[in-house]
Amino acid sequence: VRVRVDDSLEGIDWDSVVSDLVHDDFHNGRPALSLRRSFERSQHVAIARDEDDGGRVVGMARLLSDGVCNAYLLDVWTHSAYRQRGVASSMVQALTAQVPGQHVGLQTGEAQSFYAALGFRPQPEFMSKIVGAWLDTGSSRP
Ligand SMILES: CC(C)(COP(=O)(O)OP(=O)(O)OC[C@H]1O[C@@H](n2cnc3c(N)ncnc32)[C@H](O)[C@@H]1OP(=O)(O)O)[C@@H](O)C(=O)NCCC(=O)NCCS
């Protein structure tokens, strides 16, 4: 299997991606259009595709950055059938290579060892809140 990682969002079937995320229990409620916007509006994206399966998306990750000093890594996912072969590591390395000199943060529930192997270190204490209700923009705007 040949898996290629690049930064093109061209031709992605976002409905299929959502189905795959649901199947992998990594769907956080975003409809396909919202997921697409999350990626389109991120400064840097990394998309992994199976070249032997018509370019099917088998991994994704994205990075928010101010372009100066701070970045935030999000939505790192490898399709369950493609794990343990370096796909996510390649995606994260491709993203971090775009932000030399910047501090890259992330939050993870259970993939600490994955990020530790890429040089990330715990930095307590992470705090967060949801403004209002999750995915509710307070308008009809998605
Ligand atoms: C975490 C994830 C992105 C890794 O993808 P991957 O393509 O298999 O990663 P790689 O092959 O580059 O690296 C695999 C390494 O990460 C480790 N790893 C993978 N998943 C892990 C997990 N959930 N917890 C701890 N370590 C994990 C593996 O042990 C492996 O290390 P090894 O090579 O020493 O055995 C993938 O398991 C995934 O999509 N999980 C569900 C979504 C998720 O949890 N994403 C991270 C959110 S912060």
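Worth a mention:
- Simple spin-label estimate for Arg41 and Arg85 in nanometres, 7 Å along Cα-Cβ: 3.4 nm
- Approximate spin-label separation Glu10-Ser140, in nm, with each point projected 7 Å along Cα-to-Cβ: 3.5 nm
- Placing pseudo-labels 7 Å out from each Cα toward the beta carbon at Ile130 and Gln98 gives an inter-label distance of 2.7 nm.
- Computed across segment 96-142, the Kirkwood radius stands at 13.8 Å (inverse of mean 1/r, all Cα pairs).
- Scaled to the globular estimate 2.2 N^0.38 Å, the Cα spread of segment 56-115, given as radius of gyration, is 1.14.
- Separation of alpha-carbon centers, segment 23-86 and segment 120-142, rounded to whole Å: 18 Å
- The charge dipole of the chain, taken about its Cα centre with unit charges on the Cβ of Lys, Arg, Asp and Glu (plus for the first two, minus for the last two), comes to roughly 300 debye.
- Over segment 1-135, the alpha carbon radius of gyration divided by the compact-protein estimate 2.2 N^0.38 Å works out to 1.04.
- Average 1/r across all pairs of distinct alpha carbons in segment 1-69, invert it, and you get the Kirkwood radius: 12.7 Å.
- Peptides 121-129, 39-47, 54-62 ordered by average Cβ neighbours within 10 Å, highest first: 54-62, 39-47, 121-129
- Rounded FRET efficiency, nearest 0.05, which uses the C-beta distance separating Phe26 from Leu118 and R0 of 30 Å: 0.95
All of the numbers you see were taken from the coordinates with simple rules; none came from a lab. Given the structure is predicted, the values throughout are model-derived calculations rather than measurements. Every residue, glycine as well, gets a Cβ built from its backbone with ideal geometry; the counts of neighbours run over all protein chains shown.
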